[in-house]
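Q: My questions all concern the structure below.
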Amino acid sequence: MAAASRVQVRRARAEDAAALARVHVTAWLGAYRGLLPDAVLDALDVTTMERRWDGLLADGLRPHQLVAELDGRVVGFVNAGPAFESVPDGEVYAIYVEPDAWGTGAGPALLAAAEDELRVLGHHEAVLWVLPTNARARRFYERSGWASTGLHAVHPVMGLDVDVVQHAKVLDP
């Protein structure tokens, strides 16, 4: 059976907090080493992140938080909704897949599910933000039909001001 066919996307649940923390930390370590300061990455802690995820999932404010499971194990997540600071009106806030699951189809499945969520919410266009130096992520988005708008911004990330570039996509029905 192909790996992509083993990927299932579903809504995140409160009991996913530990798995989401593991994915969050391992994805950051795999994706951002060499792009963000080592001190920031070395300070990441799964236990602390789990407490954060417990709160995020309990507050009910993230109804469009989805997880990808590969053979029943959570390997990634995506969160999408109304855009915070720009037009068009939908946004993919975050998408992460643990490095061991890169190439399995989990990332494309999550991104497609987020786009579907945005369509259901009535969004016709969407944006996401990515580090301009994150070539792997930018290629992934571009393969999925997202294109750089050329708009740059600075976003606060774990106490740092981080340069990001916007990508956008028209969400055809």
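The values are calculated or read from the model by the stated rules, or taken from the named source; none is laboratory data. Only a predicted model underlies this, so the values are computations on that prediction, with no experimental measurement involved. Here the Cβ is made from the backbone with ideal geometry for all residues, glycine too, and neighbour counts use every protein chain on show. Note: accessible area is taken over every heavy atom of the protein model, side chains too, but ligands, DNA and RNA are not part of it. Shrake-Rupley method; radii C 1.70, N 1.55, O 1.52, S 1.80 Å.
Q: Where a ≥ b ≥ c are the square roots of the eigenvalues of the C-alpha gyration tensor, would you call region 1-122 rounded, which needs a/c under 1.5, or, failing that, prolate if a/b is larger than b/c, or oblate?
A: Verdict is rounded for region 1-122.
Q: Taking only protein heavy atoms and a 1.4 Å probe, what accessible area per residue, in Å², does region 1-122 have with all protein chains in place? Please list the in-between numbers first.
A: Details: 5840 Å² over 122 residues.
Accessible area per residue: 48 Å².
Q: Over all distinct Cα pairs, what is the inverse of the mean 1/r for region 88-165, reported as the Kirkwood hydrodynamic radius in Å? Can you show the working numbers first?
A: On the way: mean 1/r = 0.0737 Å⁻¹.
After inverting the mean inverse Cα-Cα distance, the result is 13.6 Å.
Q: Tally up the carbon and sulfur contribution to the accessible surface of region 84-165 as a whole percent, 1.4 Å probe, everything protein left in place.
A: Details: 2290 of 4170 Å².
Of all accessible area on region 84-165, carbon and sulfur atoms account for 55 percent.
Q: Give the relative contact order (percent, whole number) for region 1-154; include only Cα pairs under 8 Å separated by 6+ residues. Let's see the in-between values first.
A: Working: 232 pairs, mean separation 39.1, N = 154.
Reported as a whole number, the value is 25 percent.
Q: Further, regarding this structure: Go through region 15-102 and name the GluC sites (Glu not before Pro) that are in a DSSP coil and have 12 or fewer other Cβ atoms within 10 Å of their Cβ.
A: On the way: sites: GLU15, GLU50, GLU69, GLU85, GLU91; in loops: GLU85.
Passing sites in region 15-102 are GLU85.
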